[in-house]
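Below is one structure, written out as structure tokens; the observations come after it.
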């Protein structure tokens, strides 16, 4: 019962925290649109944000970490569902938390250094070019490949598995499971935005779908959390 209550609280609190941090980054740093700007401009804007922006990025990364215990707690709370299915779901959820954390943690630790280095008085054009390559390489590898591609794919997979588990559970209404399956499939689809032929410019459909899918996913988490708490109370 304690695990179910903790899971319900996290299901509600985590999407609220994630979206609050994302909204704050959008307001103060013009994220994610700022990433389309030249590296020097991005780093200048980051530097102007000071320690407050660095801390905000750290908080955003920590919301990804919290997804790991959430996945484990949810697996232990869905009474009546297949245990093997829940175990696989929990594993995928923890992996989703890990890759999203790895994708975000460069911002409070690597990017501040790059922002300072490019602004040093003795920074030569050659050094600035190296910084540009490092910044863009980490964006493509940790940001796009690890954080977004694997993050969306694993988060979508977790949502699908949890959705299936909910449809057989005695705690949460089955219709929420169906919603989870649909939203999870949408997130998994979004993970292919920069795969294959779309590597250079991105898949426009997936790009438009991603924010919608994440809003729907957040609402689904909150609704599931409320339903779980109500189910435990009954």
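Coordinate-derived values only; no laboratory data. Because the structure is a prediction, the values reported are computed rather than measured. All Cβ positions, glycine included, derive from the backbone under ideal geometry; neighbour counts span all protein chains shown.
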Whole-number D in µm² s⁻¹ for the range 2-233, Kirkwood Cα-pair radius fed into Stokes-Einstein, 10 °C, 1.306 mPa s | 86
Compute the long axis of helix 2-29 from its Cα atoms, compare it with the longest principal axis of the Cα atoms of the chain, and write down the angle in degrees, 0 to 90, nearest 10.
-> 30
Quickly rank 214-224, 40-50 as a protection proxy: mean count of other C-beta atoms within 10 Å, highest first.
-> 214-224, 40-50
Relative packing of 25-35, 193-203, 142-152, which averages over residues the other C-beta atoms within 10 Å, highest first = 142-152, 25-35, 193-203
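For n ≥ 4 DSSP H runs only, could you compute -39500 (n - 2.57) per run for the chain, divide by its residues and tell me the 222 nm figure to the nearest 500? Each step should come with its number before you reach the end.
Values: 9 runs with 176 residues, N = 234.
Value at 222 nm, helices only: -26000 deg cm²/dmol.
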Dividing the alpha-carbon Rg of the range 102-234 by 2.2 N^0.38 Å yields what?
-> 1.41
Taking Rh as the Kirkwood radius, which is the inverse of the mean 1/r over Cα pairs, what is the Rg/Rh value for the range 176-234?
-> 1.18
Kindly express, to the nearest 10 degrees and within the range 0 to 90, the angle between helix 174-190's C-alpha long axis and the longest C-alpha principal axis of the chain.
-> 20
Tilt of helix 83-104 relative to the longest C-alpha principal axis of the chain, in degrees (0 to 90, nearest 10)?
-> 20
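Using the 10 angstrom Cβ neighbour count as an exposure proxy, how do 132, 122 rank, fewest first? All intermediate terms of the calculation are to be shown ahead of the outcome.
Values: 132 17, 122 5.
Lowest to highest Cβ neighbour count: 122, 132.
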Please find the FRET efficiency linking residue 222 to residue 168, where r is the Cβ-Cβ separation and R0 is fixed at 35 Å, and quote it to the nearest 0.05.
-> 0.95
Percent RCO, i.e. relative contact order, over the chain, from Cα pairs under 8 Å lying at least 6 residues apart | 25
